[in-house]
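**Q** Supplied in structure tokens, the structure appears directly below.
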Amino acid sequence: MDRAPLEPELKEDERVDLIIGDAFAYAPSKPVCWLVSDIISTSDRCVSLIDDWCGKRLFTRGAIVTMKFQGEVDFPSLQTALATAASHGHPARAKHFFSNKNEVTLMLGPRR
């Protein structure tokens, strides 16, 4: 789900579905293999999305979720996001990439 245009070679890949719309209203008819989210939202809304997506079992293999922060990384919110994924049985880890000072990428594994 994104508002940006998709690269032409990805548009033609039958394994990729681009959904344009509101991420907070996203509800697929069946689980997807991978869910990738790079939306701009507050930390608490991002945690809420993780809770919703994990609780509804919207992905089978994993999810990549970018948490964006205004200013420095909010480590308590980050810990809450990781704990939320774990509470649903998804192993999760965070990576703070050097080029994204105010973003942290969360990687959620398949449900155990």
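The values are calculated or read from the model by the stated rules, or taken from the named source; none is laboratory data. Note that the structure is a prediction, hence the values are computed from the model and not measured. Quick reminder, even Gly has a Cβ in these numbers, built from the backbone with ideal geometry, and neighbours come from all protein chains shown.
**Q** Picking from 60, 84, 42, which residue would you name as being within 14 Å of the chain's Cα centre (by Cα) and modelled with pLDDT under 90? Reasoning before the result, please.
**A** Working: 60 fails: modelled with pLDDT under 90; 84 fails: modelled with pLDDT under 90.
Every option except 42 fails the conditions.
**Q** Would you mind telling me which numbered condition in (1) in contact with a strand residue (DSSP E or B) (Cβ under 7 Å, 6 or more places away or on another chain); (2) buried (at least 17 other Cβ atoms within 10 Å of the Cβ); (3) without any contact (Cβ under 8 Å) to a residue 40 or more places away in the chain residue 34 fails?
**A** Failed condition: (2).
**Q** I'm told residue 13 meets every condition in (1) assigned to a loop (DSSP other than H, G, I, E, B); (2) over 14 Å from the mean Cα position of the chain (by Cα); (3) at pLDDT below 90 except one. Can you identify the failing condition by its number?
**A** It is condition (3) that residue 13 fails.
**Q** State all residues of the stretch 50-66 that are surrounded by fewer than 22 Cβ atoms within 10 Å (Cβ to Cβ) and either within 16 Å of residue 105 (Cβ to Cβ) or touching a helix residue (DSSP H, G or I) at 6+ places or on another chain (Cβ under 7 Å) (or both); if no residue qualifies, say none.
**A** Our first condition is that a residue be surrounded by fewer than 22 Cβ atoms within 10 Å (Cβ to Cβ); within the stretch 50-66, this holds for 51-52, 55-62, 64, 66.
Listed by number, the residues that qualify are 51, 59, 62, 64, 66.
**Q** So, in the stretch 16-41, exactly how many residues are more than 17 Å from residue 56 (Cα to Cα) and either among the aliphatic types (A, V, I, L, M) or in contact with a Cys (Cβ under 8 Å, 6 or more places away or on another chain) (or both)?
**A** 6
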